[in-house]
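Since the structure comes first, as structure tokens, the remarks are kept for the end.
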Amino acid sequence: MRIIAGKHRSRRLETLPGMNTRPMLDAKKEAVFNVLGPYFQGGIVLDLFGGSGALSLEALSRGCEFSYVVDQSREAFRVIQKNVEALGEEENVRLLRMDFRAALTLLKNEGVIFDYVFLDPPFRMKVIGEIIAFLIENKMVKAGTYIVCQYLKENFEAKESAKLKIVKKYDYKKSELTIFEIRT
């Protein structure tokens, strides 16, 4: 796996061995960032199930200013830490090794508002709807915030609402990837 574009273009990232995590493939990642925009003028990122940190590090490489990366797994946390250090992004990343609900509560209490949110939980978890509702109810996202979700088809049904607009939806054999934008 590698960084596709920006200041860290072509830099390789470590991933966890085995099948416990499934990093977003470069082709999917490229499709996502083609929709979000090739480069950013700042922005705050939440990568709630960090895995290797690849999505948030790609966003930083393309111009986002800061990223919060959350993962409960000790092994994933070590890999994310190594990738952050290898790219010299320590000052632009806050790593949180905790359950996603605890992280959301902590960040809510700190008043953090996100411009980009990446939700790629383990496929056994059915939490995307819960997380999006929490972010909206607690004003942790604003008009124009993008929420990128990857999930098994049976775990979540992507629907538009008064607050959510579907910008792009990719349908794969067993999974889907949906990019939402928070409406004004």
Return the residues of segment 148-168 that are over 21 Å from GLU137 (Cα atoms) and at pLDDT below 95; say none if nothing qualifies.
GLN150, TYR151, LEU152, LYS153, GLU154, ASN155
Given (1) touching a residue at least 24 places away in the same chain (Cβ under 8 Å); (2) within 17 Å of ILE131 (Cα to Cα), identify the lone condition not met by SER73.
(2)
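A quick yes/no check of all residues on (1) farther than 19 Å from ASP115 by Cα; (2) open to solvent by less than 50 Å² (accessible area, probe 1.4 Å); (3) in a strand (DSSP E or B):
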residue	(1), (2), (3)
THR145	no, yes, yes
VAL148	no, yes, yes
TYR151	yes, yes, yes
GLU154	yes, no, no
ALA158	yes, yes, no
ALA162	no, no, no
LEU177	no, yes, yes
PHE180	no, yes, yes
THR184	no, no, no
The residue that is least open to solvent (accessible area, probe 1.4 Å), considering only those in segment 20-30 that are assigned to a helix (DSSP H, G or I) and under 14 Å from PHE118 (Cβ atoms), is LYS29
Inside segment 164-175, the number of residues satisfying the requirement of being surrounded by fewer than 13 Cβ atoms within 10 Å (Cβ to Cβ) and among the aromatic types (Phe, Trp, Tyr) is 1
Can you name every residue in segment 170-182 that is modelled with pLDDT of 95 or more and among the charged types (D, E, K, R)?
GLU181
Members of segment 37-67 that are under 12 Å from the mean Cα position of the chain (by Cα) and assigned to a helix (DSSP H, G or I):
ALA54, LEU55, SER56, LEU57, GLU58, ALA59, LEU60
Scanning segment 128-149 for residues that are free of Cβ contacts under 8 Å to residues at least 24 places away in the same chain and in contact with a Phe, Trp or Tyr (Cβ under 8 Å, 6 or more places away or on another chain) gives none
Qualifying residue in segment 114-127 (condition: free of Cβ contacts under 8 Å to residues at least 60 places away in the same chain, within 21 Å of ALA31 (Cβ to Cβ), surrounded by fewer than 19 Cβ atoms within 10 Å (Cβ to Cβ) and out of contact with any strand residue (DSSP E or B) (no Cβ under 7 Å at 6 or more places or on another chain)):
no
MET125 vs (1) part of a loop (DSSP other than H, G, I, E, B); (2) at pLDDT 95 or above; (3) aliphatic (A, V, I, L, M): all pass except (2)
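The values are calculated or read from the model by the stated rules, or taken from the named source; none is laboratory data. The shown structure was predicted, so the numbers you read here are calculated from the model rather than taken from an experiment. All Cβ positions, glycine included, derive from the backbone under ideal geometry; neighbour counts span all protein chains shown. For accessibility, only protein heavy atoms count, side chains too; no ligands or nucleic acids. Shrake-Rupley method; radii C 1.70, N 1.55, O 1.52, S 1.80 Å.
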